[in-house]
1. In nm², what is the average projected area of the convex hull enclosing the Cα atoms of the chain?
2. Hey, any idea what % of the chain's accessible area is carbon plus sulfur with a 1.4 Å probe?
3. Pull up the cross-link candidates among the lysines for Lys5, meaning alpha carbon to alpha carbon under 22 Å and not fewer than 8 places away within one chain.
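The values are calculated or read from the model by the stated rules, or taken from the named source; none is laboratory data. In this text, all values refer to a predicted model and were calculated from it rather than measured experimentally. To get the accessible areas, we keep the full protein, side chains included, count just its heavy atoms, and leave off ligands, DNA and RNA. Shrake-Rupley method; radii C 1.70, N 1.55, O 1.52, S 1.80 Å.
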Amino acid sequence: MIASKEAGASVPFIITVKDTAGTEVASGEFSFDASMEKMYLTVTADNKILEDKDYER
């Protein structure tokens, strides 16, 4: 978020999910814009990471 605010633009990032043994189970590249304030990601049963743009809490 800080990098996006400083750049005044979206910034790319990579997120990796590991299991308790430290084995990588999912990885994905996304773009974050500070104007979004929050980003919701879901790790699926088939080891994919998806961005949920319509998620509301």
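1. Details: hull surface 18.9 nm².
Spelled out: convex hull of the Cα atoms, projected over all directions, averaged, 4.7 nm².
2. Working: 2250 of 4560 Å².
Roughly 49 percent of what the probe reaches on the chain is carbon or sulfur.
3. Once the sequence-local lysines are set aside, what remains near Lys5 is Lys38, Lys53.
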